[in-house]
1. Any idea how many residues of the range 97-148 are of a type in the set (A, V, I, L, M) and within 17 Å of Arg65 (Cβ to Cβ)?
2. Please state which one of Ile28, Ile71 is among the β-branched types (Val, Ile, Thr), at negative phi and part of a helix (DSSP H, G or I).
3. Identify all residues within the range 7-29 that are over 18 Å from Met67 (Cα atoms) and crowded, with 18+ Cβ neighbours inside 10 Å; write none if there are none.
4. Just one of Tyr62, Tyr9 is among the hydroxyl-bearing types (Ser, Thr, Tyr) and farther than 18 Å from His150 by Cα; which is it?
5. Could you give every pair whose Cβ atoms fall below 9 Å, whose first residue belongs to the range 61-78 and is more than 14 Å from Thr14 (Cβ to Cβ) and modelled with pLDDT under 95, and whose second residue is surrounded by fewer than 16 Cβ atoms within 10 Å (Cβ to Cβ) and basic (Lys, Arg), counting only separations of at least 6 or pairs across chains?
6. If a residue has to be touching a Pro at 6+ places or on another chain (Cβ under 9 Å) and closer than 28 Å to Lys152 by Cβ to count, how many in the range 28-72 make the cut?
7. Do you know which residues across the range 41-56 are surrounded by 12 or more Cβ atoms within 10 Å (Cβ to Cβ) and either in contact with a Leu (Cβ under 8 Å, 6 or more places away or on another chain) or outside any helix (DSSP H, G or I) (or both)?
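The values are calculated or read from the model by the stated rules, or taken from the named source; none is laboratory data. What you see is a predicted model; the values in this text were computed from it and never measured. So basically every Cβ, Gly included, is an ideal-geometry build from the backbone, and we count neighbours across all protein chains shown.
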Amino acid sequence: MHLPLKPYYRVLITQEWLTCSKPVMDNILHLAEKHIQEFRKLKPCCFLELLKRLHFEVIAEYSKRIMKKKIKLKSEQQQMAMAEKICDDNRKIQELFTHYESKEDWLHHVLPKVAEVIKLQDPSMIVLETATLVRDYPDISEKHLSALLHIKANLPSKDVKSIKKVLQMTKEDLNSCHSAKSFFAFVPVR
């Protein structure tokens, strides 16, 4: 599944992707749908398992590209445009996988939550959204958060430090019985 999509994943979260000079997500979803059509020939339980894995892969690879630190945006308008593009791509992903009845609904919320951190400008609001992100995905690390905040080139370093502190405080507040899905553990960050 992964190899035919890999060249398209590489273009995600680049200036080329942001300026829409290539329909990257459309290409990814077209290939994904070809795979899904092949999966349909299998037994229903095998089809659903492969659909689940492909759905997870697309969201994880997209998230991985966000964490690559390949793009740094200085203006609020650029950050809002990027957040909007991520949400548009997420809608397309959601439409495809919902059409084929993926049971992994929780994946539809990952990218919009990340996009919200990119979109927000007020440090106190970023702190709140970060706390929500940590609550919902307690496996998010400081490296993930640093990579995400790296995109926001206009964010002063003192604000970055205070936002990162939320990561520790929120993780301490979470009780061990919280039933969050593990996601960011599968998204490598350098």
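1. 11
2. Every option except Ile28 fails the conditions.
3. Residues satisfying the conditions are Ile28, Leu29.
4. Tyr9
5. From residues that are more than 14 Å from Thr14 (Cβ to Cβ) and modelled with pLDDT under 95, there are no pairs.
6. The number of residues fulfilling the criteria is 2.
7. Listed by number, the residues that qualify are Leu42, Leu50, His55, Phe56.
Quick grid of which residues meet (1) in contact with a Phe, Trp or Tyr (Cβ under 7 Å, 6 or more places away or on another chain); (2) buried (at least 19 other Cβ atoms within 10 Å of the Cβ):
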{"site": "Glu84", "(1), (2)": "no, no"}
{"site": "Gln94", "(1), (2)": "no, yes"}
{"site": "Thr98", "(1), (2)": "no, no"}
{"site": "His109", "(1), (2)": "no, no"}
{"site": "Asp122", "(1), (2)": "no, no"}
{"site": "Ala131", "(1), (2)": "no, no"}
{"site": "Tyr137", "(1), (2)": "yes, yes"}
{"site": "Lys158", "(1), (2)": "no, no"}
{"site": "Lys161", "(1), (2)": "no, no"}
